[in-house]
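**Q** After the structure tokens below, expect a handful of questions from me.
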Amino acid sequence: MTHRCGGKDGRIVIEDDWPGYSLDLFTYPEHYCGDLQSVYIPHGVIMDRTERLARNIMDDLGDHDIVILCVLKGGYKFCADLVEFIKALSRNSRKSLPMRVDFIRLKSYLNDQSTASLHIVGEEDLSFLRGKNVLIVEAIVDTGKTMKALLKHVEAFEPKMVKVAGLLVKRVSSGVGSFPDYVGFEIPNRFVVGYALDYNERFRDLHHICVISEQGKTKYKI
Ligand code: HPA
Ligand code: MG
């Protein structure tokens, strides 16, 4: 049987017992010394996976206008890198993806706990989405409740189509929420930081996705 290249439904699955790489194998800023436990996903792996997601998105959505809706703040790195890869594909292949990039800000976490309320901050009038193909770009989806609420909000503006790209999806039991169409990595239900993901606004300036240490949690608790 011949192998079919170009399948799109996969994701990288990180198992529950994956401890991450030792911090000594990589570089990270001195100001986080002692605050981290391990490098969970190195930056280079994030980039390589994002490159493939860009290709999958281009295969599915190429040649039609698209509105990229970046979910801030955590999604800014993933969105910027994803857009760069899509731009490279548009330059170097016959397909192209004319895009508009917009931003929406959500806030639902305090310390490492999800709060019940979803706050949409900033651009609340999304009427420009009417009749458009929309790609929501989010760094992390855990229960999917936030995503479900956001989808409901976006769909009220009657876009033609809505897809979701999530860099990380957490394996959580309560599968009540919405699940992304494009997934980078499926990870265990643990709190990660870096690559724009924060713990009380810290660690966004970390290159890799890392696991925070108890010292780090205590130091930046509010
Ligand atoms: N890290 C940072 N922000 C988050 C996470 C996480 O693991 N889950 C939901 N928001
Ligand atoms: Mg946060």
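**Q** Just give me the residues in segment 8-22 being in contact (Cβ under 8 Å) with a residue 40 or more places away in the chain and outside any loop (DSSP other than H, G, I, E, B), in sequence order.
**A** Across segment 8-22, the qualifying residues are I12, V13.
**Q** Criterion first (within 16 Å of ligand 1 (Cβ to nearest atom) and exposed (fewer than 13 other Cβ atoms within 10 Å of the Cβ)) does V121 satisfy it?
**A** yes
**Q** OK, next. Return the residues of segment 56-71 that are surrounded by fewer than 18 Cβ atoms within 10 Å (Cβ to Cβ) and without any contact (Cβ under 8 Å) to a residue 60 or more places away in the chain; say none if nothing qualifies.
**A** D59, D63
**Q** Could you check segment 173-214 and list, in sequence order, the residues that are among the charged types (D, E, K, R) and away from ligand 2 (no atom under 16 Å from the Cβ)?
**A** The answer is D181, E186, E214.
**Q** Moving on to the next point. Starting from residues that are surrounded by fewer than 17 Cβ atoms within 10 Å (Cβ to Cβ) and among the aliphatic types (A, V, I, L, M), keep the ones in segment 73-90 and report whichever is modelled with the highest pLDDT.
**A** Going through the qualifying residues, I end up with A80.
**Q** Could you check V39 against (1) under 20 Å from L151 (Cα atoms); (2) in contact with a Gly (Cβ under 6 Å, 6 or more places away or on another chain) and say which number it fails?
**A** Among (1) under 20 Å from L151 (Cα atoms); (2) in contact with a Gly (Cβ under 6 Å, 6 or more places away or on another chain), the lone unmet condition for V39 is (1).
**Q** Another question about this same structure. Hey, among S93, S108, which residue is away from ligand 2 (no atom under 16 Å from the Cβ), modelled with pLDDT under 95 and either touching an Asp or Glu at 6+ places or on another chain (Cβ under 9 Å) or over 14 Å from L206 (Cβ atoms) (or both)?
**A** From the options S93, S108, the qualifying one is S93.
**Q** Identify all residues within segment 159-176 that are surrounded by fewer than 21 Cβ atoms within 10 Å (Cβ to Cβ) and closer than 26 Å to D59 by Cβ; write none if there are none.
**A** P159, K160, M161, V162, K163
**Q** Still on this structure, please answer the following. Which numbered condition in (1) under 17 Å from the mean Cα position of the chain (by Cα); (2) more than 16 Å from ligand 1 (Cβ to nearest atom); (3) not hydrophobic (A, V, I, L, M, F, W, C) is the only one that D63 fails?
**A** Every condition holds for D63 apart from (1).
The values are calculated or read from the model by the stated rules, or taken from the named source; none is laboratory data. What you see is a predicted model, and the numbers here were worked out from it, not measured in a lab. Counting neighbours? That spans all protein chains shown, and the Cβs are built from the backbone with ideal geometry, glycine included.
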